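K.L.:
A single structure is presented below for examination.
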């Protein structure tokens, strides 16, 4: 693992713990020599995370669509700012540059990005670990939703298990580093094999 793509809110959220977690994750990325790939913003948790990694001397690659570059205030100090044409291009570029994915607390965009790369993992489009840093139970609702989807027969247990959770940056990054792509059959190939 050389670079981690982090999805994070463009807002700071209602609790100080969210920004503290972004700082802690940034510090751990620097300590481990891991580069950051993120959405390119200078505000909210995205900005806190990027500022922390930059202050620690780490590599920060920001990827932002042209239309959001001014609205999200593209971060002027990142190591490499890539301005792309669309959200689709943003996500594809971020995925290509990263070896793993982490979701910090965030809004609809963060949730959508995390679920998309999780779906790509399920479909075998990539073989990279996907995790969520669970700050003060922020992702508890997602855990319940995934369990409910399994119970209702829409998500296989092995697919729900593709999303790794950790309560602290070191714990989550250790889980991502130890992860190996499972050998199960993909969704479109029929019933799961035992």
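K.L.:
Out of all the residues in segment 84-101, which are touching a strand residue (DSSP E or B) at 6+ places or on another chain (Cβ under 6 Å) and surrounded by 13 or more Cβ atoms within 10 Å (Cβ to Cβ)?
P.N.:
The answer is 84, 87, 90, 93, 94, 97, 98, 99, 100, 101.
K.L.:
Given the structure, is residue 18 surrounded by 18 or more Cβ atoms within 10 Å (Cβ to Cβ), farther than 19 Å from residue 78 by Cβ and touching a helix residue (DSSP H, G or I) at 6+ places or on another chain (Cβ under 7 Å)?
P.N.:
So residue 18 passes the test.
K.L.:
Could I ask something else about it? Based on what the data block shows, is residue 60 modelled with pLDDT of 95 or more and more than 18 Å from the chain's Cα centre (by Cα)?
P.N.:
Numbers: modelled with pLDDT of 95 or more: yes; more than 18 Å from the chain's Cα centre (by Cα): no.
So residue 60 does not fit the description; no.
K.L.:
What number goes with the only condition from (1) outside any loop (DSSP other than H, G, I, E, B); (2) within 22 Å of residue 130 (Cβ to Cβ); (3) at pLDDT below 95 that residue 10 does not pass?
P.N.:
Only one criterion is unmet by residue 10, namely (1).
K.L.:
Here is a further query. Pairs under 6 Å by beta carbon, first residue closer than 15 Å to residue 102 by Cβ in segment 174-191, partner surrounded by 14 or more Cβ atoms within 10 Å (Cβ to Cβ) and modelled with pLDDT of 90 or more, six or more apart or different chains?
P.N.:
175/164; 175/166; 176/100; 176/129; 176/131; 177/1; 179/129
K.L.:
Restricting attention to segment 150-162, which residues are over 18 Å from the mean Cα position of the chain (by Cα) and in a loop (DSSP other than H, G, I, E, B)?
P.N.:
152, 153, 154, 155, 156
K.L.:
Any residue in segment 79-95 that is touching a residue at least 60 places away in the same chain (Cβ under 8 Å) sitting within a Cβ distance under 7 Å of a residue that is part of a helix (DSSP H, G or I) and crowded, with 16+ Cβ neighbours inside 10 Å? List the pairs, counting only those 6 or more apart or interchain.
P.N.:
Cβ pairs passing all conditions: 95/117.
K.L.:
Counting just the residues of segment 44-67 that are more than 18 Å from residue 26 (Cα to Cα) and touching a strand residue (DSSP E or B) at 6+ places or on another chain (Cβ under 8 Å), which one comes out surrounded by the most Cβ atoms within 10 Å (Cβ to Cβ)?
P.N.:
The selected residue is 64.
The values are calculated or read from the model by the stated rules, or taken from the named source; none is laboratory data. For clarity, every value in this text was computed on a predicted model and none was experimentally measured. Reconstructed Cβ throughout: ideal geometry from the backbone, glycine too, with neighbour counts over all protein chains shown.
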